[in-house]
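Presented below is the structure to which this report refers.
What follows is calculated from the coordinates using simple rules that are stated; it is not laboratory data. What you see is a predicted model, and the numbers here were worked out from it, not measured in a lab. A quick note on method: Cβ atoms are made from the backbone with ideal geometry, for glycine too, and the neighbour counts reach across all protein chains shown.
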Amino acid sequence: MSKLYLQKENRAIAILIIVYTVGLVGIGANIHESFILLTPLNLLLSLGLVLWNHPTWNRATYTFLIGCFLAGYGIEVVGVQTGLIFGSYTYGPVLGYQIWETPLMIGVNWVLLVYCIGATLNHSLLKDKAILLKAIVGALILLLLDILIEPVAIRYNFWTWEATEVPIQNYLAWYLIALVLLLGFYHFVGRAKNKVAICLLALQFIFFGILLFLR
């Protein structure tokens, strides 16, 4: 790995740590009620920094990124409009501009999380294991993150549920959708490694874990 690439990687990781630390302080300390509305900018910056460090760009990479965004966003649109996938829920203003009552950023979020988990497992003991096994484990990690995110997201009006409790249906749907999208990641992107993705995934767990603790 070249010195130039390592410098780029380190810069991206440093920026992410700073951004998530500022976000944690700003939201956790309730510095200003509109601070959380910067969430779409954070998602775009996070995805940009991760993809800036993607090792190999080709048609397969673009196919995955576009396909994952369209699939993730499309599923959320159907979910919001029908309540048949995740349960009955509505999005608040935090994730920004919406089409069909669904924020475009939710598609970005699916890409970000699936990519980060897929790339992280390519650094793990499972790196040489079968695609299906990695997808099964990766979907479980994404499910654990969703369990952590849900109470925080509800508190800060990312989205709200019609039911008083988050339906089990939501978690089952998250797991199955993540499983399919991770299979897509490993089919198109393969064994690509990205340490910035590992950092971002860790920051997501830390960020939402601390906000959950501060509830």
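Do the conditions hold for Y115, that is, is it of a type in the set (S, T, Y) and either surrounded by 15 or more Cβ atoms within 10 Å (Cβ to Cβ) or in contact with a helix residue (DSSP H, G or I) (Cβ under 6 Å, 6 or more places away or on another chain) (or both)? Break it down stepwise before answering.
On the way: of a type in the set (S, T, Y): yes; either surrounded by 15 or more Cβ atoms within 10 Å (Cβ to Cβ) or in contact with a helix residue (DSSP H, G or I) (Cβ under 6 Å, 6 or more places away or on another chain) (or both): yes.
So Y115 passes the test.
Looking only at residues in the range 129-152 that are among the small types (G, A, S) and over 13 Å from the mean Cα position of the chain (by Cα), which one is nearest to L200 (Cα to Cα)? Explain how you work it out, then say what you get.
Pass one, the range 129-152, residues among the small types (G, A, S): 130, 135, 138-139.
Remaining after also requiring over 13 Å from the mean Cα position of the chain (by Cα): 130, 135.
On the way: A130: 24, A135: 19 Å.
For the range 129-152, the residue satisfying everything is A135.
Here's the yes/no breakdown for (1) under 20 Å from Y175 (Cβ atoms); (2) touching an Asp or Glu at 6+ places or on another chain (Cβ under 8 Å); (3) of a type in the set (A, V, I, L, M, F, W, C):
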{"residue": "E33", "(1), (2), (3)": "no, no, no"}
{"residue": "L49", "(1), (2), (3)": "no, no, yes"}
{"residue": "W52", "(1), (2), (3)": "no, no, yes"}
{"residue": "I75", "(1), (2), (3)": "yes, no, yes"}
{"residue": "Q81", "(1), (2), (3)": "no, yes, no"}
{"residue": "I99", "(1), (2), (3)": "no, no, yes"}
{"residue": "L104", "(1), (2), (3)": "no, no, yes"}
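Restricting attention to the range 130-149, which residues are within 18 Å of N194 (Cα to Cα) and either of a type in the set (K, R) or without any contact (Cβ under 8 Å) to a residue 12 or more places away in the chain (or both)?
K134, the sole residue that qualifies.
Which condition number does I106 fail, the rest of (1) of a type in the set (V, I, T); (2) in contact (Cβ under 8 Å) with a residue 60 or more places away in the chain; (3) in contact with a strand residue (DSSP E or B) (Cβ under 8 Å, 6 or more places away or on another chain) being met?
Of the numbered conditions (1) of a type in the set (V, I, T); (2) in contact (Cβ under 8 Å) with a residue 60 or more places away in the chain; (3) in contact with a strand residue (DSSP E or B) (Cβ under 8 Å, 6 or more places away or on another chain), the odd one out for I106 is (2).
Quick check, is N157 of a type in the set (S, T, N, Q), in contact (Cβ under 8 Å) with a residue 24 or more places away in the chain and within 30 Å of T61 (Cβ to Cβ)?
On the way: of a type in the set (S, T, N, Q): yes; in contact (Cβ under 8 Å) with a residue 24 or more places away in the chain: yes; within 30 Å of T61 (Cβ to Cβ): no.
So N157 fails the test.
Report, by residue number, each residue of the range 160-171 that is assigned to a helix (DSSP H, G or I) and without any contact (Cβ under 8 Å) to a residue 40 or more places away in the chain.
Keep residues of the range 160-171 that are assigned to a helix (DSSP H, G or I), which gives 168-171.
I168, Y171, listed by residue number.
I'd like to check something: does the range 124-136 contain any residue that is closer than 22 Å to G92 by Cα and either buried (at least 19 other Cβ atoms within 10 Å of the Cβ) or not aliphatic (A, V, I, L, M) (or both)? Don't jump to the end; show me each part of the working.
Filtering the range 124-136 for residues closer than 22 Å to G92 by Cα gives none.
No: zero hits.
Go through (1) surrounded by 17 or more Cβ atoms within 10 Å (Cβ to Cβ); (2) farther than 25 Å from L183 by Cβ and name the single condition L44 misses.
Every listed condition holds for L44 apart from (1).
Quick one: L126 ticks every box in (1) more than 16 Å from the chain's Cα centre (by Cα); (2) assigned to a helix (DSSP H, G or I) except a single one, so which number is it?
Going through the list (1) more than 16 Å from the chain's Cα centre (by Cα); (2) assigned to a helix (DSSP H, G or I), L126 breaks only (2).
List every residue pair whose Cβ atoms lie under 6 Å apart, where the two residues are 6 or more positions apart in sequence or sit on different chains, the first residue falls within the range 83-103 and is without any contact (Cβ under 8 Å) to a residue 60 or more places away in the chain, and the second residue, located anywhere, is among the β-branched types (V, I, T).
W100/V77; E101/V80; T102/V77; T102/V80
Is one or more of the residues making up the range 180-191 surrounded by fewer than 17 Cβ atoms within 10 Å (Cβ to Cβ) and either among the acidic types (D, E) or under 28 Å from I15 (Cα atoms) (or both)?
If we filter the range 180-191 for residues that are surrounded by fewer than 17 Cβ atoms within 10 Å (Cβ to Cβ), which is where we start, we get 180, 187, 190-191.
Imposing the further condition that a residue be either among the acidic types (D, E) or under 28 Å from I15 (Cα atoms) (or both) reduces the set to 190-191.
Taking every residue of the range 180-191 in turn, at least one turns out to be surrounded by fewer than 17 Cβ atoms within 10 Å (Cβ to Cβ) and either among the acidic types (D, E) or under 28 Å from I15 (Cα atoms) (or both).
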